[in-house]
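Trainee: Can you keep this structure in mind? I'll have questions shortly.
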Amino acid sequence: MEYREYGKTGKKVSAIGFGGMRFGKDEDYSAEVVRRANALGINYFDTAPFYCNDRSEDIFGKAFQKMPEQFYVSTKSSVNSEPTADKVRWRIENSLKRMGLEKINFFHMWCIMDLSQYERVMAPGGPYEGALKAKEEGLIDHLVFSTHCKGADIRKIIEDEVFEGVLLGYNAINHPYRQEGVEAAREHKLGVATMNPLGGGLIPQHGQYFSFLKQWHEETVSQAALRFNASRRGITVTLAGMGTLEEVEENIKTLDHPLTFGTEKLKEIQEKIGKGFDTLCTTCSYCMKCPKKIKISSYLEAYNLMVLDSVDRMNNHLDWLREKGSLKETDVSPAECTACGACEALCTQKLPIIQRLQEMTRMAK
Ligand code: SF4
Ligand code: SF4
């Protein structure tokens, strides 16, 4: 395993970190998965309340009782629904209790979507104030933030110098959108964790399209995507979601080759991305607060197939979603979209959702 300094914290974390949002139903097995990852060198474990139907922190708690090696824990507090300093304090105490810990190493102001939300986080009596107090009392080592903002806005937050690190959605598809945030973190010597390296599963699901990421014949496209993140300058730890022992082994194998990307390969990737890969929906579902209840992520998942291939592939995918019950006859059609814009304000990729739904409606005629 390769270990890197996380900003100015004095902590060295593994280049590949453990994302705790993919556990299955068996909690003992899941705890074993965590411990196996730790035995193989992973020392950065990321969780949050509500992950895996709110079981993730409990599973980590089980695993932490018998971890083979030293480790660091990252968890989060939501900054939505107008949380107060007191509520954040309660969440910290709750996370500590669930994981059986005395201290959280990296505590995130979770999922800052834009600068106005950041202002609410920092307001007197708000979440930051609560977390800072907990840090002063020794319940937190480092106060950090997670975000889906565009790079320029991430820079603005970093320049305020109130956080010691950042967790951002970053992968081979969307990296130009957040690159400025990584650069700002590097300039200010902040730790950078990246989430969503597989584009919400989009990269392995379309392995053939994304095979251009591979540098070695024997590596999988998922390993190539992890290597892409882990090799970028300024990125400290790349989180990979792991739910099985096999996934742990596969992710660890990424280290079989150096965590680098040659200049020529990077150029090739950037050329491909320039042809439209940065416009793909990652099916993260953050936009799913449609007042009309349109299943936006399912429709945009199908739209991806048109970007990657053809209208026929998109229509085949829509048929497949209907067959497996993800889309039903009774579901509201994209034609019902009122263009209210609520989904676009929430979209982590800042996609033109309304335009896409309108395009799909026209094609369906
Ligand atoms: S713009 Fe359309 S799809 Fe988006 S939230 Fe509004 S009604 Fe729903
Ligand atoms: S449209 Fe945007 S927010 Fe919604 S699932 Fe796709 S990437 Fe995520």
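The values are calculated or read from the model by the stated rules, or taken from the named source; none is laboratory data. All figures in this text were calculated on a predicted structure; none of them were measured in a lab. Counting neighbours? That spans all protein chains shown, and the Cβs are built from the backbone with ideal geometry, glycine included. When the accessible area is computed, the model is the full protein with side chains, heavy atoms only, and any ligands, DNA or RNA have been set aside. Shrake-Rupley method; radii C 1.70, N 1.55, O 1.52, S 1.80 Å.
Trainee: If I build a Gaussian network model for the chain, linking alpha-carbon pairs within less than 10 angstrom, which residue out of ALA85, ALA48, ALA339 has the largest mean-square fluctuation?
Mentor: ALA339
Trainee: Using alpha-carbon positions, what is the distance between the centroids of the stretch 184-207 and the stretch 239-257, in Å?
Mentor: When both Cα centres are located, 16 Å separates them.
Trainee: Quick check: with the 1.4 Å probe, what order do ARG178, ARG186 take by accessible area, largest first?
Mentor: ARG186, ARG178
Trainee: Restricting the count to DSSP beta bridges whose residues both fall in the chain, what percent are antiparallel, rounded to a multiple of 5?
Mentor: 10 percent
Trainee: Using a simple spin-label model with points 7 Å from Cα along the Cα→Cβ vector, what separation in nm is obtained for LYS66 and GLU264?
Mentor: 5.0 nm
Trainee: Hey, can you find the accessible area per residue of the chain for me, probe 1.4 Å, expressed in square angstrom?
Mentor: For the chain, the solvent-accessible area averages 44 Å² per residue.
Trainee: Express the carbon and sulfur contribution to the solvent-accessible surface of the chain as a percent, rounded to the nearest whole number, probe 1.4 angstrom.
Mentor: Reported share for carbon and sulfur atoms: 49 percent.
Trainee: Return one number: the angle in degrees, 0 to 90 and rounded to the nearest 10, between the long axis of the Cα atoms of helix 85-99 and the longest principal axis of the Cα atoms of the chain.
Mentor: Computed tilt is about 80 degrees.
Trainee: Using a 1.4 angstrom probe with every protein chain in place, what is the largest-first accessible-area order of HIS142, HIS188, HIS217?
Mentor: HIS217, HIS188, HIS142
Trainee: Considering the options GLY41, ALA31, CYS52, tell which one lies farthest towards the positive end of the dipole of the stretch 12-67, charges being +1 on Lys and Arg and -1 on Asp and Glu at the Cβ, about the Cα centre.
Mentor: Of the listed residues, the answer is GLY41.
Trainee: Okay, moving on. Please calculate the 1.4 Å probe accessible area of CYS111, with all protein chains present, and give it to the nearest 10 Å².
Mentor: Roughly 10 Å² of CYS111 is accessible to a 1.4 Å probe.
Trainee: Under a Cβ-Cβ cut-off of 14 Å, what is the net charge of the residues other than PRO291 that fall near it, where Lys and Arg count +1 and Asp and Glu count -1?
Mentor: Residues near PRO291 contribute +2 overall.
Trainee: Something else about it: Taking the stretch 40-130, which GluC sites (Glu not before Pro) meet the DSSP loop condition and have no more than 16 other C-beta atoms within 10 Å?
Mentor: Qualifying residues, ordered by number: GLU69, GLU102.
Trainee: Let me ask something else. Kindly provide the trypsin sites (Lys or Arg not before Pro) of the stretch 1-84 that DSSP labels as loop, not H, G, I, E or B, and whose Cβ sees at most 12 other Cβ atoms within 10 Å.
Mentor: Here the sparse-neighbourhood loop sites are LYS25, LYS66.
Trainee: Right, next: Convert 37 °C to kelvin, take the viscosity as 0.692 mPa s, use the Kirkwood radius over C-alpha pairs of the stretch 8-157 as Rh, and evaluate the Stokes-Einstein diffusion coefficient in µm²/s, rounded to a whole number.
Mentor: Once the numbers are plugged in, D ends up at 207 µm²/s.
Trainee: Sum -39500 (n - 2.57) across every DSSP H segment of at least 4 residues in the chain, then divide by the residue count to get the 222 nm mean residue ellipticity, nearest 500.
Mentor: Dividing the helical sum by the residues of the chain leaves -13000 deg cm²/dmol.
Trainee: Separate question: In Å and whole numbers, how far do the C-alpha atoms of the chain stretch along each principal axis, longest first?
Mentor: Result, largest extent first: 62, 49, 43 Å.
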